Amino acid sequence: MWVRSTLAYRTSFLLTAFGNFAATGLDFLAIVLMFSHITVLGGFSLPEVAFLYGTSGAALGLADLVLGSMDRLGARVRDGTTDVLLVRPVPVFAQVAADRFALRRLGRILQAALVLGWSMPRLEVDWTPGAVLLVPLMLLCGAVIFGAVFTIGAAFQFVAQDAAEVQNSFTYGGTTMLQYPPTVFAKDLVRGVTFVVPLAFVNWLPALRLLGRDDPLGLPGWVDFLGPVVAAAMCGLAWLAWRAGLRNYRSTGS
């Protein structure tokens, strides 16, 4: 329904999608301007940083397209309209995810994909079949990890009722951090996004393996390939959090 309503005004859709494309493109423009004054950032060249930018941006874009409406749940809890979702013969999770589905978010995915496509031929990487396969695997696992964070944040809103910005700090804020090399951040922060909120598995760890870079934490090499395992674990955690949040929901009239 939301897709049909969006495409009913195609010029408006194209303009908003382009606006989304341009707004996210400003982040990469800032990186380009930075490299007009330096040659490397934390030991990484512009194509390598662009690779990090493209993989994190595309992964978040996919998750944002499917689950970006989750941050509206807090408003529904506050005004009591969550009750309407509970009486429909459709899972609440599916309804919240589809609420005001924004097709304009394709602009973010396209912009990140273009940067990623620009960076890959310029990397000093031996593109074996395994290396090529690693890139879509990174995007898929990254999207799942971000999607799990969206879901956990939404589940927290059943209790907090107004925590959208807390969720955004880990999703949109997280992808901004992942656009830059881990070597420019303090090791405590890198440990946090590896062992606490495992955003490092979105692109940092597999990208370090692909680019032939050393892990700043000195982790074993096999850790770089744990993206699918971490994504599955995050899905399980998100499912448990969602069920717990939904059980603890109390209507505004309770």
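Computed quantities for the displayed model
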item	result
Hits in segment 121-144 - residues which are out of contact with any Leu (no Cβ under 7 Å at 6 or more places or on another chain), surrounded by fewer than 17 Cβ atoms within 10 Å (Cβ to Cβ) and part of a helix (DSSP H, G or I)	Pro121, Arg122, Pro129, Gly130, Val132, Leu133, Pro136, Leu137, Leu140
Test result for Arg72, open to solvent by 40 Å² or more (accessible area, probe 1.4 Å), modelled with pLDDT under 90, part of a helix (DSSP H, G or I) and touching a Ser or Thr at 6+ places or on another chain (Cβ under 8 Å)	no
Some residue of segment 166-182 being at pLDDT below 90, among the aliphatic types (A, V, I, L, M) and open to solvent by 20 Å² or more (accessible area, probe 1.4 Å)	yes
Segment 119-146 residues that are touching a residue at least 12 places away in the same chain (Cβ under 8 Å), paired with ones that are of a type in the set (Lys, Arg) and open to solvent by 30 Å² or more (accessible area, probe 1.4 Å) (beta carbon under 8 Å, 6 or more apart)	Leu134/Arg209
Residue match in segment 12-35 (condition: out of contact with any strand residue (DSSP E or B) (no Cβ under 9 Å at 6 or more places or on another chain), open to solvent by 10 Å² or more (accessible area, probe 1.4 Å), free of Cβ contacts under 8 Å to residues at least 40 places away in the same chain and not aliphatic (A, V, I, L, M))	yes
Subset of segment 214-243 that is out of contact with any Pro (no Cβ under 9 Å at 6 or more places or on another chain) and aromatic (Phe, Trp, Tyr) - its residue that is least open to solvent (accessible area, probe 1.4 Å)	Trp242
Residue count, segment 145-163 (criterion: aliphatic (A, V, I, L, M) and open to solvent by 20 Å² or more (accessible area, probe 1.4 Å))	3
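The values are calculated or read from the model by the stated rules, or taken from the named source; none is laboratory data. Because the structure is a prediction, the values reported are computed rather than measured. Please note: Cβ atoms are built from the backbone with ideal geometry, for glycine as well, and neighbour counts cover all protein chains shown. Side chains are part of the model used for accessible areas, which takes the heavy atoms of the whole protein and leaves out ligands, DNA and RNA. Shrake-Rupley method; radii C 1.70, N 1.55, O 1.52, S 1.80 Å.
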